[in-house]
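The values are calculated or read from the model by the stated rules, or taken from the named source; none is laboratory data. On a predicted model such as this, the values are computed, not experimentally measured, just so you know. Positions of Cβ are backbone-derived with ideal geometry, glycine not excepted, and every protein chain shown enters the neighbour counts. Only protein heavy atoms, including side chains, enter the accessible area calculation; ligands, DNA and RNA are left aside. Shrake-Rupley method; radii C 1.70, N 1.55, O 1.52, S 1.80 Å.
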Amino acid sequence: MLPLALSAGTAVAAAVAAGYQSMSPTGQWYGRTFTGVPRGSKTLALTYDDGPNDPHTLLLLDVLAKHNVKASFFLIGRYVRQRPDIAREIAKAGHTIGNHSFTHPLLTLKTEGEIRQQLVDCDSVLNDSIGEHSNLFRPPFGGRRPAVLRIARELNLEPIMWNVTGYDWNAPRAEIIERKVSKQIRGGNVILLHDGGHRQMGGDRAQTVVATDHLIARYQSEGYEFLTIPEMMGSQA
């Protein structure tokens with residue numbers, strides 16, 4: 001019975017590890033994803049998911065402009081369809097725009113056909129709304145399996161994850177967001193924040209806007225440079 005028990009235990013451990021890797025932002029089991037540059041670099045990349053969102057995306061653009069910082073925005077297609085004007089403002093300000101699927105499902109639970117349709121539909125509405133944009137893609141919830149990454153690359157999309165998060169999706173106070181981000185900064189980081197919410201347009205991201213203002217001021221004063229994802233990837237090359 002012992003070998004059978006060991007075998008069952010090994011299988012359970014493998015399943016747990018596989019599940020963890022499918023959601024872990026820095027996990028690389030299922031294929032290469034970009035999560036930043038080597039530790040110690042005096043660069044940081046701000047990224048925002050789940051927009052465009054009225055009014056907080058526009059407020060965030062004001063903060064970024066105040067500090068002369070460019071960021072990377074991963075937009076949900078159905079929101080871009082609702083508010084193409086906000087998407088155009090992001091592009092006009094010189095920020096990078098990437099694909100965050102059309103409706104923000106957990107892609108690990110979708111068929112290959114559904115995965116492809118989510119990415120194609122988002123790309124299509126981005127093309128219609130803003131024209132040329134980046135080939136960057138961030139999977140909703142960070143969820144991916146081999147098929148997700150394979151289909152993304154078949155569509156010439158580059159998967160982008162993160163290695164620092166502000167855990168701001170439930171709108172905590174700005175000082176909490178700042179503290180969580182600061183505890184993880186080691187240099188060369190991709191920082192995940194949210195300018196919208198995947199459930200509906202109009203999610204409250206006022207505290208993320210305030211936290212962004214404070215974080216930029218702090219790390220610029222410490223000599224850090226804020227880059228877009230394409231700029232950070234280029235610096236690594």
- Item | Filter result (among the charged types (D, E, K, R) and loosely packed, with under 15 Cβ neighbours inside 10 Å) within the range 209-221 | ARG218
- Task: Take the range 107-129 and flag every residue that is among the hydrophobic types (A, V, I, L, M, F, W, C) and open to solvent by 50 Å² or more (accessible area, probe 1.4 Å).
- Result: LEU109, VAL120
- Show the residue pairs that are 6+ apart or on different chains and have beta-carbon atoms under 6 Å apart, the first residue being within the range 164-177 and among the hydroxyl-bearing types (Ser, Thr, Tyr), the second being surrounded by fewer than 19 Cβ atoms within 10 Å (Cβ to Cβ). TYR167/LYS180
- Breaking point among (1) free of Cβ contacts under 8 Å to residues at least 40 places away in the same chain; (2) farther than 18 Å from SER24 by Cα; (3) open to solvent by 10 Å² or more (accessible area, probe 1.4 Å), for LYS180: (2)
- When you scan the range 124-237 for helices (runs of 4 or more DSSP H) that lie fully inside it, which ones turn up with 2 or more residues that are at pLDDT below 95? 229-236
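Matching residues to (1) open to solvent by 40 Å² or more (accessible area, probe 1.4 Å); (2) more than 23 Å from ILE76 (Cβ to Cβ); (3) free of Cβ contacts under 8 Å to residues at least 60 places away in the same chain:
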| position | (1), (2), (3) |
| --- | --- |
| GLN184 | yes, yes, yes |
| LEU193 | no, no, no |
| GLN207 | yes, no, yes |
| GLY223 | yes, yes, no |
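Test ASP54 against the stated conditions and say whether it is open to solvent by less than 10 Å² (accessible area, probe 1.4 Å), acidic (Asp, Glu) and either part of a helix (DSSP H, G or I) or in contact (Cβ under 8 Å) with a residue 24 or more places away in the chain (or both).
no
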